[in-house]
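The values are calculated or read from the model by the stated rules, or taken from the named source; none is laboratory data. These numbers were taken from a predicted model, which means no experiment stands behind them. Cβ atoms come from the backbone with ideal geometry, glycine included; neighbour counts cover every protein chain shown.
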Amino acid sequence: MSAATLIEHRSRKLARHLAGKTLRFVTAESCTGGQLAAIFAADSALGPHLERGFVAYSIDAKCEMLGVARDVAEQCDGVSSEVAAAMATGALRKSQADIALAITGFCGPREGREEVGLVYIGVAGTDVVRVEDFHFGDIGRRHVLDQAVAAALQIMIETAS
């Protein structure tokens, strides 16, 4: 199944899980550049569940907008489990949402010793913060981004259930 089809399928499934609920999400996106928030905005069933979205692509943006500790962000070029957790907790704190979802990763091309295709997705709620890591491989920048969005939607489905 293509990533586009997977995203469409998961968007519809998430909309079904959110029907009749008042659950609101905030997104904090780095490598995906707002693509996850755009999926919510484009869908009339998902739109009401998007409280706001942050695009924090640079280390400066992660630190200034979301409160990620600069030393933590700089030691890993802004991509780590700790950064994803901090992005999610910062987004939740700076919003009126119930759940925050943060995405950061290396989409390519390779620079230094980066693992191209490594993506961290952090989720923060009132009682929990967790991070999942994904190793999509060097499948091309666009494909990594799409796979990251598809993975984020799956996490949102699980969180909304």
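Scanning region 119-141 for residues that are surrounded by 15 or more Cβ atoms within 10 Å (Cβ to Cβ) and either in a helix (DSSP H, G or I) or of a type in the set (Val, Ile, Thr) (or both) turns up VAL119, ILE121, VAL123, VAL129, VAL131, ILE139, ARG141. Residue count for region 116-137 under the criterion of being at pLDDT below 95 and acidic (Asp, Glu): the result is 1. Being surrounded by fewer than 17 Cβ atoms within 10 Å (Cβ to Cβ), among the charged types (D, E, K, R) and under 16 Å from the mean Cα position of the chain (by Cα), is that true of even one residue in region 59-77? For region 59-77, residues surrounded by fewer than 17 Cβ atoms within 10 Å (Cβ to Cβ), among the charged types (D, E, K, R) and under 16 Å from the mean Cα position of the chain (by Cα): absent.
Restricting VAL116, VAL144, VAL149 to residues that are outside any loop (DSSP other than H, G, I, E, B) and either within 25 Å of LEU23 (Cβ to Cβ) or without any contact (Cβ under 8 Å) to a residue 40 or more places away in the chain (or both) narrows the list to VAL149.
A count restricted to region 95-137 and to residues that are within 16 Å of the chain's Cα centre (by Cα) and not β-branched (Val, Ile, Thr) stands at 21. Name the residues in region 14-67 that are touching a His at 6+ places or on another chain (Cβ under 7 Å) and part of a helix (DSSP H, G or I), would you? Selection gives LEU18, PHE40. Suppose the filter is closer than 20 Å to GLY105 by Cβ, touching a Leu at 6+ places or on another chain (Cβ under 7 Å) and modelled with pLDDT of 95 or more; does ALA61 pass it? When the stated conditions are applied, ALA61 does not pass them. When we screen GLY20, GLY53, GLY47 for residues that are at positive phi and out of contact with any Cys (no Cβ under 9 Å at 6 or more places or on another chain), the only hit is GLY20. Kindly indicate whether GLU8 is closer than 28 Å to SER80 by Cβ and either at pLDDT 95 or above or surrounded by fewer than 17 Cβ atoms within 10 Å (Cβ to Cβ) (or both). No: the conditions fail for GLU8.
The C-beta contact set for region 75-88 (first residue modelled with pLDDT of 95 or more, second residue in a helix (DSSP H, G or I), distance under 7 angstrom, 6+ apart or interchain) comprises GLU82/VAL72; VAL83/LYS62; VAL83/VAL72; VAL83/ALA73; ALA86/LEU66; ALA86/VAL72; MET87/LYS62; MET87/LEU66. Restricting region 15-58 to residues that are under 23 Å from VAL144 (Cβ atoms) and surrounded by fewer than 14 Cβ atoms within 10 Å (Cβ to Cβ), the residue that is farthest from the chain's Cα centre (by Cα) is ALA42.
If you check every pair at least six apart or on different chains, which have Cβ atoms under 7 Å apart with a residue in region 124-136 that is under 14 Å from VAL26 (Cβ atoms) first and a residue that is of a type outside the set (A, V, I, L, M) and outside any strand (DSSP E or B) second? Close Cβ pairs satisfying both conditions: ALA124/THR89; GLY125/ASP98; VAL129/THR89.
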